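Reviewing the structure listed below.
The values are calculated or read from the model by the stated rules, or taken from the named source; none is laboratory data. Quick caveat: nothing in here was measured; it's all calculated off a predicted structure. Reconstructed Cβ throughout: ideal geometry from the backbone, glycine too, with neighbour counts over all protein chains shown.
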Amino acid sequence: MQNDSDRFFVLTGGPGSGKTTLIEALRSAGFATSVEAGRGIIRDQSAIGGPALPWHDRALFAELMLSWELRSYQGSIEQKGAVFFDRGVPDTLGYLRLSGLPVPGHVSAAADRFRYNARVFIAPPWPDIFAQDEERKQTLDEAERTYHALVGVYTELGYELVPLPLAPVETRLRFVLAEAGLV
């Protein structure tokens with residue numbers, strides 16, 4: 001792998017599709033990973049009574065998501081080898097579109113500038129494992145719409161989408177490592 005974008009792999013998809021479980025398995029297997037922006041922001045903002053929550057101020061939430069993803073990207077440059085991201089910069093663009101909000105020029109510029117491996121792993125909606133919780137308040141319908149918004153964004157940005165199988169995490173882990181050329 002010659003540059004950072006070659007070794008930076010994104011796992012994306014709608015909420016409740018098993019992305020974070022797979023990221024945790026990759027971390028346990030010894031790979032560098034990022035923490036999902038959305039859940040981190042919701043935890044932080046809830047803890048301090050902040051306004052940047054998706055059910056209060058979607059535009060502000062998106063700005064914090066972008067900042068988080070950029071920080072994750074920059075921090076990963078120092079990592080050696082493959083890095084797996086629980087979502088990427090383009091997810092912010094997808095979130096804004098899904099929310100019916102305008103996409104500011106700086107968000108588009110960030111998605112163009114901060115590139116990942118050309119192959120992006122996408123988790124399709126998986127009703128059998130979908131569950132809501134204190135941080136994931138979206139419905140299954142919204143999770144499916146999120147998935148389709150992300151398919152559109154990543155495709156427009158020139159990425160090749162690699163759908164994850166609806167299978168146990170161990171199977172998904174082997175699939176991702178094989179598809180990333182890491183086994």
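In this structure, Ala82 does not satisfy being out of contact with any strand residue (DSSP E or B) (no Cβ under 9 Å at 6 or more places or on another chain), aliphatic (A, V, I, L, M), surrounded by 15 or more Cβ atoms within 10 Å (Cβ to Cβ) and at pLDDT 95 or above.
Ser108 passes every criterion in (1) loosely packed, with under 14 Cβ neighbours inside 10 Å; (2) on the phi < 0 side of the Ramachandran plot apart from (1).
The set of residues in segment 114-160 being surrounded by fewer than 18 Cβ atoms within 10 Å (Cβ to Cβ), at pLDDT 95 or above and among the basic types (Lys, Arg) consists of Arg119 alone. A single member of Val153, Val103, Val83 is over 22 Å from Thr33 (Cβ atoms), of a type in the set (Val, Ile, Thr) and in contact with a helix residue (DSSP H, G or I) (Cβ under 6 Å, 6 or more places away or on another chain), and it is Val103.
Quick grid of which residues meet (1) touching a residue at least 40 places away in the same chain (Cβ under 8 Å); (2) in contact with a Gly (Cβ under 9 Å, 6 or more places away or on another chain):
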position	(1), (2)
Val120	yes, yes
Pro125	yes, yes
Asp141	no, no
Val153	yes, yes
Leu157	yes, no
Ala180	yes, no
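Counting only residues that are assigned to a loop (DSSP other than H, G, I, E, B) and touching a Leu at 6+ places or on another chain (Cβ under 6 Å), which one in segment 83-126 is nearest to Leu53 (Cα to Cα)?
Val103
Pairs are defined by a Cβ separation below 8 Å, a sequence spacing of at least 6 or placement on different chains, a first member in segment 24-47 that is without any contact (Cβ under 8 Å) to a residue 60 or more places away in the chain and crowded, with 22+ Cβ neighbours inside 10 Å, and a second member that is of a type in the set (Phe, Trp, Tyr) and not in a helix (DSSP H, G or I); the pairs so defined are Thr33/Phe84; Thr33/Phe85; Ser34/Phe84; Ser34/Phe85. Screening Pro90, Pro15 for residues that are under 20 Å from Tyr154 (Cα atoms), touching a strand residue (DSSP E or B) at 6+ places or on another chain (Cβ under 9 Å) and in contact (Cβ under 8 Å) with a residue 40 or more places away in the chain leaves exactly one candidate, Pro90. What are the residues in segment 37-53 that are in contact with a Phe, Trp or Tyr (Cβ under 9 Å, 6 or more places away or on another chain) and closer than 17 Å to Thr12 by Cβ, if any? Once the filter is applied, which keeps residues that are in contact with a Phe, Trp or Tyr (Cβ under 9 Å, 6 or more places away or on another chain) and closer than 17 Å to Thr12 by Cβ, segment 37-53 yields Ala37, Gly38, Gly40, Ile41.
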